[in-house]
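Since every read-out is calculated from the coordinates, none of them should be taken as a lab result. Worth saying up front: this structure is predicted, and the values here are computed from it rather than measured. Neighbour counts are summed over all protein chains in view; Cβ atoms, including those assigned to glycine, are modelled from backbone coordinates with ideal geometry.
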Amino acid sequence: MAARQTKAFETISDLVNLLEPLVIGQYWKYLSQVFQALRMEVNDEVGALEDFLKDAFQILKPGGRLVVIAYHSIEDRCVKQFLKTGNVEGTIQRDFYGAIFRPFHLITKKAIEPSDSELSENSRARSAKMRVGERLAISNETFDWE
């Protein structure tokens, strides 16, 4: 942090030079993860995903299917928890009698990952995970989405 107080970053090289002594493991992989984290934070990608999932629930009719492909473990965890609990945190909501609210019937118990043949044609699909849920007949007002 002292480096930022001395001089503002003007180029990517300034940031990379600051990070060099901190690199753990593979140099380029580490830097890729740092830049990915910055991009996700700046673009509020998790917040946008959460908004999308909430909107999708409200738009889908009972029996409609939600299919989401996530390319990052953080995104996949959010989708998985939303399909199970109706929120990205995974907090279970119960009614007055203690019954658990389940917004979706999970069509895929585990994430579907690309096959070897697909990966040979498209290596960028290596981190993709697809999850599918069918909306249950639950009122939109059931969930507390503040």
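Give me T108, T91 sorted ascending by neighbouring Cβ count inside 10 Å, so fewest comes first.
On the way: T108 14, T91 10.
Placing the least packed residue first, the sequence is T91, T108.
Of the peptides 82-88, 37-43, the order by per-residue mean of other Cβ atoms within 10 Å, starting with the highest, comes out as 82-88, 37-43.
Only counting other Cβ atoms within 10 Å, I'd like R135, R124 sorted with the fewest neighbours first. If you can, show how the numbers build up before the last one.
On the way: R135 20, R124 9.
Exposure proxy ranking, most exposed first: R124, R135.
Is the C-alpha gyration tensor of region 1-106 telling us rounded, prolate or oblate? Criteria: a/c under 1.5 is rounded; beyond that, a/b larger than b/c is prolate, otherwise oblate. Mind dumping the intermediate values first?
Details: a/c = 3.01, a/b = 2.84, b/c = 1.06.
It comes out prolate by the Cα gyration axes.
For a quick check, take a GNM of the chain with Cα springs below 10 Å and name the residue from E89, E134, E121 with the largest mean-square fluctuation. Comparing E89, E134, E121 in the GNM, the peak value goes to E121. For region 2-42, the normalised intensity computed at q = 0.26, 0.31 Å⁻¹ comes to -1.00, -1.12 (log10 of I(q)/I(0), Debye sum over alpha carbons, equal scatterers, no solvent).
Expressed as a rounded percentage, what relative contact order does the chain have, with Cα pairs under 8 Å and six or more residues apart?
Values: 159 pairs, mean separation 33.1, N = 146.
23 percent.
Footprinting exposure proxy ranking of Y27, Y97, fewest other C-beta atoms within 10 angstrom first, gives Y97, Y27.
Scanning the chain for long hydrophobic helices, with DSSP H runs required to stretch 15 angstrom or more by C-alpha along their axis and to average at least -1.0 on the Kyte-Doolittle scale, returns 27-42, 45-59, 73-85.
The average projected area of region 45-142, computed from the convex hull of its Cα atoms over all directions, is 6.7 nm².
Using the structure shown, list the pairs from K54/K109; K7/K129; K29/K54; K29/K129 with a Cα-Cα distance above 31 Å, or answer none. Among K54/K109; K7/K129; K29/K54; K29/K129, the Cα-Cα distance tops 31 Å for K7/K129; K29/K54. Annotation: for a label point projected 7 angstrom from Cα along Cα→Cβ of E134, residues of region 70-92 with backbone N closer than 16 Å are 84. Counting 0.36 nm for each residue step from I107 to R77 and taking away their Cα separation leaves a gain of 9.2 nm.
Put a dot 7 Å past the Cα of D116, heading toward its Cβ, do the same for D44, and the two dots end up 4.4 nm apart.
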